[in-house]
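A quick write-up on the structure given underneath.
The values are calculated or read from the model by the stated rules, or taken from the named source; none is laboratory data. Keep in mind it's a predicted model, so treat the numbers as computed, not measured. Here the Cβ is made from the backbone with ideal geometry for all residues, glycine too, and neighbour counts use every protein chain on show.
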Amino acid sequence: MTRRAILRGIGHYLPARIVENAELEKRVDTSDEWIRARSGIERRHFAAEGELTSDLAIHAARAALADAGFEPAEIDAVVVATSTPDTTFPSVATIVQGALGTGGFAFDVQAVCAGFVYAMSTANAFIQAGQAQRVLVIGAETFSRIMNWEDRTTCVLFGDGAGAVVLEAGDGAGANTDAGILATDLNSDGRFRDLLYVDGGVSSTQTTGVLVMQGKEVFRHAVEKLAQTAETALAAAGLGADDVDWIVPHQANSRIITRTAQKMGVGMDRVVMTVQDHGNTSAASIPLALSVAKEQQLFKPGQVLVMEAIGGGLAWGSVVLRL
Ligand code: ACO
């Protein structure tokens, strides 16, 4: 018998305000055509004034709990992946815990755009170790708050939102036909910290700072490292690209998503794509994509999903999960 983290529920929340590329044309020197051609993004959502990362996370968590059919008190751990917390501390996870009344413990994970795969891997480890039975894993971000509106190469790419899943411990046979998380792969390389960072923080400037990115370099690393981590996790699960029913990638850029799928030999008919409607929502992008795909009834029991992501650090990783 092998203890497995089984996916029981998925949900998401997007702020009401939709910002089309045309609106950005009025704010910065850009065009709808450029943004679509370079990134695939058509629109994104921005949180309203006073609407915080925790507010988005709480909405998404409620949706995932309803989908799983669990009461908050049945949850014994909350893990939130975010780089845009409400405040330096306490964690967004404890704010969610306080609002919902979940039990056990709660904490945040910060691995920027790779945050959700790091959080899923962490939750899986707690479940496998027997330290948690039911874990709420949330990706929630308000990246609109750390945009540099003087930098047109970055401010057009990001958006706000939240997605959540509920994982529950279950028994598997220890085979890759089991339902649940079959393998995870995490990597980071701090030598690349200058490729993508925020130029402020508590200990350095006592300000929040804004996002800085060397887009071309990030792009080059992304395609290579995403394909590599997905293949590593699949191999650890004893699976190959042909076994993959759905790639659910971090939604940063449609060209990165397409090239990674090509490199892996997976057709685009097996890739979930939501970047056109959400932009890059960092740690929220994979659970948002999961939730939209579920609403579109793309997923069937027994299918194999590969989630892969890369972000600032650089940090990257993947999760292989059977529904
Ligand atoms: N509108 C119009 N023109 C623009 C804009 C804009 N918003 N931004 C840049 N340009 C211009 C540039 O000034 C440049 O003009 P020039 O040729 O006259 O100098 C031209 O467009 C090309 O600029 P590049 O920066 O070379 O454009 P590139 O093709 O590299 O695309 C992009 C930029 C979209 C950022 C790309 O590099 C990319 O997608 N990188 C990956 C970034 C990413 O996805 N990061 C997220 C992953 S990690 C994470 O999620 C945090």
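Residues that are among the β-branched types (V, I, T), under 18 Å from A183 (Cα atoms) and not assigned by TED's automatic domain parsing to the domain that holds G115: does the range 279-289 have at least one? Yes, that holds for at least one residue. Given the condition within 21 Å of A60 (Cα to Cα), in a loop (DSSP other than H, G, I, E, B), aliphatic (A, V, I, L, M) and assigned by TED's automatic domain parsing to the domain that holds R27, answer yes or no: does some residue in the range 136-153 qualify? Among the residues of the range 136-153, not one is within 21 Å of A60 (Cα to Cα), in a loop (DSSP other than H, G, I, E, B), aliphatic (A, V, I, L, M) and assigned by TED's automatic domain parsing to the domain that holds R27, which makes the answer no. If you scan the range 147-168, which residues turn out to be aliphatic (A, V, I, L, M) and surrounded by fewer than 20 Cβ atoms within 10 Å (Cβ to Cβ)? Result: M147, single match.
Right, A119: more than 19 Å from the chain's Cα centre (by Cα) and not in a strand (DSSP E or B) or not? Here the answer is no, as A119 does not meet what is asked. Of the numbered criteria (1) within 16 Å of the ligand (Cβ to nearest atom); (2) under 30 Å from I6 (Cα atoms), the one F219 fails is (2). Scanning the range 161-193 for residues that are within 14 Å of the ligand (Cβ to nearest atom), of a type in the set (D, E, K, R) and either assigned to a loop (DSSP other than H, G, I, E, B) or in contact with a helix residue (DSSP H, G or I) (Cβ under 9 Å, 6 or more places away or on another chain) (or both) yields a single hit, D189.
Of all residues in the range 101-123 being more than 16 Å from the ligand (Cβ to nearest atom) and in contact with a Leu (Cβ under 7 Å, 6 or more places away or on another chain), which is farthest from L314 (Cα to Cα)? Looking at the filtered set, the residue picked out is T102. Exactly one residue out of V306, V223, V275, V319 is within 22 Å of R43 (Cα to Cα) and within 19 Å of the chain's Cα centre (by Cα): that is V275. Could you look through the range 281-297, keep only residues that are surrounded by fewer than 24 Cβ atoms within 10 Å (Cβ to Cβ) and in contact (Cβ under 8 Å) with a residue 12 or more places away in the chain, and pick out the one that is nearest to T229 (Cα to Cα)? Looking at the filtered set, the residue picked out is A293.
Among the residues of the range 124-135 satisfying the criterion of being without any contact (Cβ under 8 Å) to a residue 60 or more places away in the chain and in a loop (DSSP other than H, G, I, E, B), which is farthest from L305 (Cα to Cα)? For the range 124-135, the residue satisfying everything is Q131.
Residue by residue, here is whether (1) crowded, with 22+ Cβ neighbours inside 10 Å; (2) assigned by TED's automatic domain parsing to the domain that holds H250; (3) small (G, A, S) holds:
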| site | (1), (2), (3) |
| --- | --- |
| L24 | no, no, no |
| A64 | yes, no, yes |
| E74 | no, no, no |
| S91 | yes, no, yes |
| A99 | no, no, yes |
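If the Cβ limit is 6 Å and pairs must be 6+ apart or interchain, which residue in the range 109-123 that is of a type in the set (G, A, S) pairs with which residue that is within 12 Å of the ligand (Cβ to nearest atom) and assigned to a helix (DSSP H, G or I)? Going by the 6 Å Cβ cut-off, the qualifying pairs are G115/A283. For the criterion of being within 16 Å of the ligand (Cβ to nearest atom), under 23 Å from E49 (Cβ atoms) and aromatic (F, W, Y), F143 passes.
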